[in-house]
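Worksheet: the structure to be examined is printed underneath.
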Amino acid sequence: MNLLQRPIQSVLQTATFGLDAPFAVIDLDAFDANTTDLMRRASGVPLRLASKSLRVRTLQARALKAGFQGQLCFTLPEALWLASLGWDDLVVGYPTVDRGALRQLASDADARAGITVMVDCVEHLDLIAAAEPGGPVKVCIDIDAGWRVPGGLMTLGPKRSPLHDPFQAEAFARTIVAREELRLDGIMAYEGQIAGVGDRPPGRPLMRLALPVLQALSARELARRRAEVVDAVRSVAPLRFVNGGGTGSIERTAAEPAVTEVAAGSGLYGPTLFDTYRAFRPTPAAFFVLPVVRKTTPKLATALGGGYIASGAPGRDRLPRPVLPAGLKLDALEAAGEVQTPLLGRAAAGLRVGDQVWFRHAKAGELCERFDEVHLVQGDKIVDTVPTYRGEGKTFL
């Protein structure tokens, strides 16, 4: 049963009774159910954990213990920190120009053994070489997974790597293997136009019709091209892994013979952006709670803070969503603010100063940049309170 369809009042509210808001909660029952479902969707293909989607080491360890294999980090300093704590198989998902972090990597044999750095141009290779590594640094080639619509009308997908076709990938692979300070370890191609875009956007009937078709066409083109890229690069050097996808495209990506692992992480928390997918829907596991501090009018209640807007193109889908009590909505003119969030709707009249309102964030790990700790709830009890990255004094971006 979807968590929002069960009596939250008797479960999460009971568990957190007496806590002063604001605070953040992770429902471990939902988290574990999402873990199981992500693995089911992968059909035996290994899942690499996207660490930025959690940003809580206790929960990262829980996912790894449950069967995730390795992590996809979002900065080299993060990977170095995790490596210093004993974790390995850390792939940095984005290129780095952090010379200090590269020097640290270059001078640490254990870190070099456990970390793979993302590259897509000669400048990245030169920065690694300038750090004067004491041994080979493992690198992963980032391939553009966007779909260039025939006729040049548009391009769908994140604007990432300049490497798009197998010829470019093979030439770059030859450049890598010719340099003794590098070792080619893998290939990554993230199809954000499928993995990160729901195919049933609310209030947009034409997009509901068009998106599934466009995503299917993009997936077909990418599967062919990704296989050609992998074959071309493997003609130059062996590859330990070929990474693709994300929570929103697990089934499609895992079905490609060229792919050896799929990245996932956001689906463990189940934020609101995943409410717009037709094929699956994770159970919401991450919440934050704000106190009501004003009754501006009898029909309007105002919560403290709450301006936790998700990254990406601005739009209503990036706003946090009030979910408890049911029947609340954001004010159209003020939305969610840094200092206050006015709440309207049929439930607002019943709220009083001191009451608490439960919200869901639009994206996953970004919520943890707002809180030093999260309360882990299982059943109707708090079983642990653990630090986020922020609570450990780590803010990597």
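The values are calculated or read from the model by the stated rules, or taken from the named source; none is laboratory data. The model shown is predicted, which means the values in this text are computed figures rather than measured ones. For neighbour counting, all protein chains shown are included, and Cβ atoms are generated from backbone atoms with ideal geometry for every residue, glycine included. Accessible surface is based on the protein model in full, side chains and every heavy atom, while ligands, DNA and RNA are left aside. Shrake-Rupley method; radii C 1.70, N 1.55, O 1.52, S 1.80 Å.
Bridging of K299 to aspartates and glutamates at a Cα separation below 20 Å is possible for D331, E334, D355, once same-chain residues fewer than 8 apart are set aside.
In Å², what does the accessible area per residue of the chain work out to with a 1.4 Å probe? All intermediate terms of the calculation are to be shown ahead of the outcome.
Working: 17320 Å² over 397 residues.
On a per-residue basis, 44 Å².
Note on the chain: with charges restricted to the Cβ of Lys and Arg (+1) and Asp and Glu (-1), its dipole about the Cα centre is near 1360 debye. Which shape class, rounded, prolate or oblate, goes with the stretch 93-182 when its Cα gyration tensor gives a ≥ b ≥ c as root eigenvalues, a/c under 1.5 marks rounded, and past that a/b bigger than b/c marks prolate? Judged from the Cα gyration tensor, the stretch 93-182 comes out prolate (a/c at least 1.5, a/b above b/c). Top mean-square fluctuation among A109, A79, A285, Gaussian network model of the chain, C-alpha springs under 10 Å? So, out of A109, A79, A285, the one fluctuating most is A109. Multiplying the residue separation of E369 and T296 by 0.36 nm and removing their Cα-Cα distance gives an extension gain of 23.3 nm.
Distance between the C-alpha centres of the stretch 147-188 and the stretch 241-289: 23 Å, rounded to the whole angstrom.
What value, in deg cm²/dmol to 500, does the helix sum -39500 (n - 2.57) over DSSP H runs of n ≥ 4 give at 222 nm once divided by the residues of the chain?
Values: 12 runs with 117 residues, N = 397.
Computed mean residue ellipticity for the chain: -8500 deg cm²/dmol.
Length available on full extension from S311 to E228: 0.36 nm per residue minus the Cα-Cα distance, which gives 26.6 nm. The portion of the accessible surface of the chain made up by carbon and sulfur, rounded to a whole percent, is 54 (1.4 Å probe; DNA, RNA and ligands excluded). Note on the chain: Cα Rg divided by 2.2 N^0.38 Å, N the number of residues, gives 1.04.
Using 0.36 nm per residue of separation minus the Cα-Cα distance, give me the extension gain between A109 and R200 in nm, one decimal.
Working: separation 91, 0.36 × 91 = 32.76 nm, distance 4.75 nm.
Value of the extension gain: 28.0 nm.
Can you give the local net charge around L163? Use residues other than it whose beta-carbon is closer than 14 angstrom to its beta-carbon, Lys and Arg +1, Asp and Glu -1. Mind dumping the intermediate values first?
Numbers: positive: R148, K159, R160, R174, R225, R226; negative: D120, E123, D142, D144, D165, E170, E228.
Summing Lys and Arg as +1 and Asp and Glu as -1 gives -1.
Local charge for A130 was computed over the other residues whose Cβ lies under 13 Å away, with Lys and Arg +1 and Asp and Glu -1, and equals -2.
Within the listed set V229, V97, V357, the Gaussian network model of the chain (springs between alpha-carbon atoms below 10 Å) gives the highest mean-square fluctuation for V97.
Measuring r between the beta carbons of V122 and D355 and using R0 = 45 Å, the FRET efficiency lands at 0.15. Listed by chain and number, the aspartates and glutamates whose C-alpha is less than 16 Å from the C-alpha of K65, apart from same-chain residues fewer than 8 away, are D29, D32, D37, D88, D89.
Order the peptides 120-130, 138-148 from the highest to the lowest mean number of other Cβ atoms within 10 Å of their residues. The partial results should precede the final answer.
Details: 120-130: 16.1, 138-148: 23.7.
Ranked from most to least packed, the peptides come out as 138-148, 120-130.
Between the residues P320, Q60, V259, the greatest Cα displacement towards the positive end of the dipole of the chain, with unit charges on the Cβ of Lys, Arg, Asp and Glu, is found for P320. Counted by Cβ distance under 14 Å from L300, the other residues give a net charge of +3, where Lys and Arg count +1 and Asp and Glu count -1.
Among E369, E338, E170, the largest mean-square fluctuation in a Gaussian network model of the chain (Cα springs under 10 Å) belongs to E338. Placing a label point 7 Å from the Cα of A216 along the Cα-to-Cβ direction, the residues of the stretch 267-301 whose backbone N falls under 15 Å of that point are 278-279.
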